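The structure appears below as structure tokens.
We did not get these values from a lab; they are worked out from the coordinates using the rules stated. Predicted model only: the values in this text are computed from it and were never measured. Here Cβ is always computed from backbone atoms with ideal geometry, including for glycine, and neighbour counts include all displayed protein chains.
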Amino acid sequence: MMPVSVNTLGGLVTVGLGALGLLWPMKVANMVSIQPDGLRGLSEIRATYGGVFLAVGLYALMSQDSDIFRALGFGWFGAAAARVFSIVHDESGSGTNYGAVVMEAVVGMLLVVKWESFFGV
């Protein structure tokens with residue numbers, strides 16, 4: 001049985017987003033405001049938003065290794081930091097961009113927190 005921890009929760013979010021990218025790439029493309037250019041563009045969305053997120057999330061969940069969870073969390077923090085850079089540099093401030101920063105930071109936190117157990121398990 002998989003432990004119920006905040007780290008596991010962050011891994012599940014990562015896996016869920018990866019499954020979304022793999023199985024429904026156009027939904028993800030619309031969510032992140034990109035448009036694939038031909039079949040290669042669609043494959044790129046499946047590979048990057050799907051395969052990468054799904055694989056690293058699954059590995060973190062299977063290993064239950066706090067170092068793996070922390071590395072994945074810092075990946076999410078990197079995404080949040082790059083988005084903040086874009087908001088400032090590209091003047092791309094919008095409600096959805098600010099919301100994405102918060103979501104990425106929260107998922108990152110879930111993954112780096114060292115609590116071993118959550119919900120009393």
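Below, the figures for the structure above:
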quantity: Cα coordinate range in the chain, projected on the principal axes (Å, largest first); calculated: 45, 32, 21
quantity: Theoretical gain in end-to-end length, Ala47 to Asn97 [0.36 nm per residue, Cα-Cα removed]; calculated: 15.7 nm
quantity: Neighbourhood net charge (14 Å Cβ-Cβ; Lys/Arg +1, Asp/Glu -1) for Val56; calculated: -1
quantity: Listed residues Leu22, Gly73, Gly11: farthest to the positive end of the dipole of the chain (Cβ charges); calculated: Leu22
quantity: The chain - percent relative contact order, Cα under 8 Å, separation 6 or more; calculated: 39 percent
quantity: C-alpha long axis of helix 53-63 to longest principal axis of the chain, angle in °; calculated: 10 degrees
quantity: Acute angle (nearest 10 degrees) that the helix 66-89 long axis makes with the longest principal axis of the chain, alpha-carbon atoms; calculated: 30 degrees
